[in-house]
Amino acid sequence: MGKIFILFVDKVEIFLHKKVFENSLPMHVPLFVLVSGKGHVHGQRVADVFKHLLKAELPTGLKGGDNMQYPLPEVVGNPDLLVGREKEFGILNKWIGRIPDRLSKSRAILARRKSGKTAFVQRVFNRLWTEDGEVIPFYINIPERKLWFPNFAISYYCTFASQYISFLERDEAPVNFPLTMGQIREYGVSKSLGHFVVDADAMTHYREKGDHDLLWQTAASAPNRYAKLCDQRFLVIIDEFQNTGEYIYMDENHQFVDKSIPGTWHDLSESKLAPMLVTGSYVGWLINIDTYLEAGRLKCSSMNPYLAPEDGLQAVYRYAEHYREPITNESALWINRLCMSDPFFISCVVQSELEGKDLTTGEGVVETVHHEITHRKSEMSLTWGEYIELSLRRINTVNAKRILLHLSKHSDREWTPRKLRDELGLDIGEGKIRELLKTMVSADLICEGDSDIRYRGLTDGTLCLILRNRFEEEIATHQPDIERTDLKKNFHEELERLREDKKSLRGMVSHLTGMMAEYQIAVEFRSRKRFSPSRYFANVGDDTRLNVIDVRMRVRFQRPDGKGMEIDILAESNCGRLLAVEVKKTKSPIGPMSVMDFLEKLGVCSSLHPGRTIIPAFFSAGGFTGEAWEICEQNGIATAQEIKLI
């Protein structure tokens, strides 16, 4: 029988203090709390006490967990596809933790397109909304389309108020279906929240009178004003902040851009009650935005578009699983290496529509990666091609493209206009070269160096591959002796180097096995198809060779009483037998309770598949305690602590 903890609570304010409660009880242990008082404890309703207890069970940190809710749909799609970024989430988690004490300074995240910054800040919103804690999130994306100033003001306020109400009411609907000004006013009346009523009336009045400045001032200042009035803390998340100075127009016909809009946040960005978290595309945005926000008002940090190698490998497994694309554990490494652990590149390769695509062989991987870079209609090429063409529209000269390609190829060095002119034999002056370089910086295509006259290419291999493929042929017509790059040959050489380094190859896979064990085991079963269970597990009762026809992960079912259960991997053989695998990724040995839980799942699973033989197996990255191992042996459960995949 499982353990039950009974707590007798009198000093509820001590019990509810997070430092006392967090991590004080084992997970999944029933908890009964006896509270003193008649429905209230020191002025707090018992329902509120349990609300705090339930919140304490939520996983800590911003990354997400089993209890996560997603009121804001994330651009990544399935939440499991947001991989890595542990360092960035860790930094932001500490920063957000200081907001209640008014110690967090507004900050900006700078990155190039398709680097994951939008998915990152959307996850921050969902995490804070789920936690229902002291920091209330507000998220708005500034689109790349023309907006009339008063319409933007109304949209900004209604989005903020709707998300605030969503948070208060624990109702996801207003996040996706923002309330109208009239509905916000009605809510304020029904809940006796006068600030909603006053602002709704004021903004309606300003709109009717054409007083757009007061309209926008009311909207923009709302988070900070409400934080003061209600003694609350808000996090104002503005995605693609640089667009506020490019796409908001003073007139209804969209003729005159209001460049002063970013200046609205000149003082608001100083708020410690409602600090800002904004995103922008590389350094180009600072050229326009810093004029209004001034250096130092936002703490800037960059987001690397590439994941750590092990996180990139996770991304390969997850995308392949979700899109049901066959891979092998070895080809997963090839995809990750050629895609440079770029999650967008990986997603393009896995979803590629190349005819005859085969991601289980080296040749197939090279062909698919090459297709995504070189084919004008591939998602990868279309996305980056559009970006580059828009950026180069103002500098559409062969000289500019030659400079861009040269800097991209030699991004490890800094170049002055004079060095570029001499190296490339350009027939234009240093002043014109510097003008081109400044334009490319503002377009996010290159970076400034350590001094005002030094420049360098982006350390961005993905963009570099696209640039080389798009422009080398054009440049070669003007400079025939230029060295052309054979991308496909380079990819094959990279794969060969990876194949030859077998020790490193095995090391990378075994290192990841703890984190992504169920994905890797499922991929191994699918790609090998015919095998005896003893190839991977010890103490197998039925070791007859399997011919696998289907492998499913996270197979969910219910007990007769409705309790939900899940088996990590269920592989079906053409003979009708089922190989059921439980996977535990903890570093410490699993104990008897984990094995007993698995036995219960097996019993229910067996009743759902009458007449079929189920071969049970347990993989534990941290091993087994003596007692757990004995239970496995007594019940015919095969075991493994390590599985050789390559």
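From 112, 107, 145, grab the single residue that is within 30 Å of residue 457 (Cα to Cα), touching a Cys at 6+ places or on another chain (Cβ under 8 Å) and among the basic types (Lys, Arg). Talk me through it step by step, then tell me what you get.
Values: 112 fails: touching a Cys at 6+ places or on another chain (Cβ under 8 Å); 145 fails: touching a Cys at 6+ places or on another chain (Cβ under 8 Å).
Answer to the selection: 107.
Tell me whether region 167-177 contains one or more residues that are in contact with a Ser or Thr (Cβ under 6 Å, 6 or more places away or on another chain), part of a helix (DSSP H, G or I) and of a type in the set (A, V, I, L, M).
Yes.
Restricting the search to region 250-272, which residues are assigned to a helix (DSSP H, G or I) and open to solvent by 60 Å² or more (accessible area, probe 1.4 Å)?
Scanning region 250-272 gives a single hit, 267.
With in a loop (DSSP other than H, G, I, E, B) and either free of Cβ contacts under 8 Å to residues at least 60 places away in the same chain or of a type in the set (Val, Ile, Thr) (or both) as the only criterion, which of 550, 543, 568 stands out?
Only one candidate qualifies: 543.
To keep it simple, each residue is scored yes or no on (1) under 21 Å from residue 551 (Cα atoms); (2) open to solvent by 50 Å² or more (accessible area, probe 1.4 Å).
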{"position": "564", "(1), (2)": "yes, yes"}
{"position": "570", "(1), (2)": "yes, no"}
{"position": "574", "(1), (2)": "yes, yes"}
{"position": "586", "(1), (2)": "no, yes"}
{"position": "595", "(1), (2)": "no, no"}
{"position": "601", "(1), (2)": "yes, no"}
{"position": "630", "(1), (2)": "no, yes"}
{"position": "635", "(1), (2)": "no, yes"}
{"position": "640", "(1), (2)": "yes, no"}
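Which members of region 536-562 meet the condition of being aromatic (Phe, Trp, Tyr) and open to solvent by less than 20 Å² (accessible area, probe 1.4 Å)?
Across region 536-562, the qualifying residues are 536, 537.
Quick one: is residue 226 in contact with a helix residue (DSSP H, G or I) (Cβ under 7 Å, 6 or more places away or on another chain) and open to solvent by less than 30 Å² (accessible area, probe 1.4 Å)? Walk me through it before giving the result.
Values: in contact with a helix residue (DSSP H, G or I) (Cβ under 7 Å, 6 or more places away or on another chain): yes; open to solvent by less than 30 Å² (accessible area, probe 1.4 Å): yes.
Taking the combined requirement at face value, the residue satisfies it.
Here is a list of conditions, (1) part of a helix (DSSP H, G or I); (2) of a type in the set (Gly, Ala, Ser); (3) within 19 Å of residue 566 (Cβ to Cβ), and residue 628 meets all of them except one; can you say which number that is?
(3)
So which residues in region 444-478 are exposed (fewer than 12 other Cβ atoms within 10 Å of the Cβ), modelled with pLDDT under 75 and more than 15 Å from residue 376 (Cα to Cα)?
477, 478
Inspect region 273-291 for any residue being surrounded by fewer than 16 Cβ atoms within 10 Å (Cβ to Cβ), farther than 25 Å from residue 227 by Cβ, at pLDDT below 85 and among the polar types (S, T, N, Q) and give the result as yes or no.
yes
Take the residues in region 339-362 that are open to solvent by less than 10 Å² (accessible area, probe 1.4 Å) and of a type in the set (A, V, I, L, M, F, W, C); name whichever of them is farthest from residue 308 (Cα to Cα).
Among those that are open to solvent by less than 10 Å² (accessible area, probe 1.4 Å) and of a type in the set (A, V, I, L, M, F, W, C), it is 359.
Give region 113-144 a look and list any residue that's farther than 26 Å from residue 169 by Cα, in contact with a strand residue (DSSP E or B) (Cβ under 8 Å, 6 or more places away or on another chain) and surrounded by fewer than 21 Cβ atoms within 10 Å (Cβ to Cβ), or say none.
Answer for region 113-144, where residues must be farther than 26 Å from residue 169 by Cα, in contact with a strand residue (DSSP E or B) (Cβ under 8 Å, 6 or more places away or on another chain) and surrounded by fewer than 21 Cβ atoms within 10 Å (Cβ to Cβ): just 113.
The values are calculated or read from the model by the stated rules, or taken from the named source; none is laboratory data. Predicted, not measured: the structure shown is a model, and the values here were computed from it. Neighbour counts run over all protein chains shown; Cβ positions are idealised from the backbone, glycine included. Side chains are part of the model used for accessible areas, which takes the heavy atoms of the whole protein and leaves out ligands, DNA and RNA. Shrake-Rupley method; radii C 1.70, N 1.55, O 1.52, S 1.80 Å.
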